[in-house]
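Read through the structure below, which is laid out as structure tokens, and then see the notes.
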Amino acid sequence: MKFKSPLLVVSNLEASKQFYTEILGLRIVMDFGANVTLTGGIALQTKDSWLSLIGNHEDDLIFGNKVTELYFEEDDFDSFAEKIISNRDVALVHPVKEHNWGQRVIRFYDPDKHIIEVGENLKSVCFRFLKSGLTKKEIAVRMDVPLKLVERLLR
């Protein structure tokens, strides 16, 4: 067995395509009308076609249930976060925050209230800590990761 793709049910496919291409910079790989595959393997499926596939009613779908998210990492985290914060059409789950291992993240909603998380890539976290004066060993302790991982990320 081979995992192929996460699928998100969307109420407005055009709005979702615009969000994922313009906000997250993904590209459309395949467009089957009611189903679109984006770079990274994410699939978007129209609500109506999804309901017909699973044989349920619209009342059975619950958007915005806050139990799943799509996770991305960004090399230029500060610029991306500013882009999201300044976009009045994007609703935040929370502003930029730093997790206890040092990675900064921002979470926000797509048009159907699916949670999107964008984090600073771990290589950037290591370099930020190195620039602040921490040694490789101190970075490993601060991030609670093996020293070998820090050394690999700093190459």
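What to note about this one:
- Counting the residues of segment 95-109 that are open to solvent by 70 Å² or more (accessible area, probe 1.4 Å) and in a strand (DSSP E or B) gives 3.
- Leading residue by the ranking (most open to solvent (accessible area, probe 1.4 Å)) among those in segment 15-36 that are among the charged types (D, E, K, R) and within 19 Å of the chain's Cα centre (by Cα): R27
- Subset tally (residues that are within 18 Å of the chain's Cα centre (by Cα), modelled with pLDDT of 95 or more and open to solvent by 40 Å² or more (accessible area, probe 1.4 Å)) for segment 1-14: 2
- In segment 66-94, the qualifying residues are those that are in contact with a helix residue (DSSP H, G or I) (Cβ under 7 Å, 6 or more places away or on another chain) and within 28 Å of L153 (Cα to Cα), and the one that is surrounded by the fewest Cβ atoms within 10 Å (Cβ to Cβ) is D75.
- Here D112 meets each of (1) in a loop (DSSP other than H, G, I, E, B); (2) at pLDDT below 95; (3) not basic (K, R) with one exception, condition (2).
- Within segment 112-152, being closer than 30 Å to Q45 by Cα and either without any contact (Cβ under 8 Å) to a residue 24 or more places away in the chain or surrounded by fewer than 18 Cβ atoms within 10 Å (Cβ to Cβ) (or both) holds for K113, I115, E117, N121.
- When segment 37-47 is filtered for residues that are at positive phi and surrounded by fewer than 14 Cβ atoms within 10 Å (Cβ to Cβ), only G41 remains.
Per-residue answers, yes or no, for (1) under 21 Å from H94 (Cα atoms); (2) free of Cβ contacts under 8 Å to residues at least 40 places away in the same chain:
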residue: V10; (1), (2): no, no
residue: E22; (1), (2): yes, yes
residue: V29; (1), (2): no, yes
residue: A34; (1), (2): no, yes
residue: L38; (1), (2): no, yes
residue: W50; (1), (2): no, no
residue: F63; (1), (2): yes, no
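- Odd one out for W50 among (1) open to solvent by less than 50 Å² (accessible area, probe 1.4 Å); (2) part of a helix (DSSP H, G or I): (1)
- Segment 66-82: number of residues that are in contact (Cβ under 8 Å) with a residue 12 or more places away in the chain and not in a strand (DSSP E or B): 6
The values are calculated or read from the model by the stated rules, or taken from the named source; none is laboratory data. Just so we're clear, the structure is a prediction, and the values are computed from it rather than from any experiment. We place every Cβ from the backbone using ideal geometry, glycine too, and count neighbours over all the protein chains shown. What goes into the accessible areas is simple: the full protein's heavy atoms, side chains included, and nothing from ligands, DNA or RNA. Shrake-Rupley method; radii C 1.70, N 1.55, O 1.52, S 1.80 Å.
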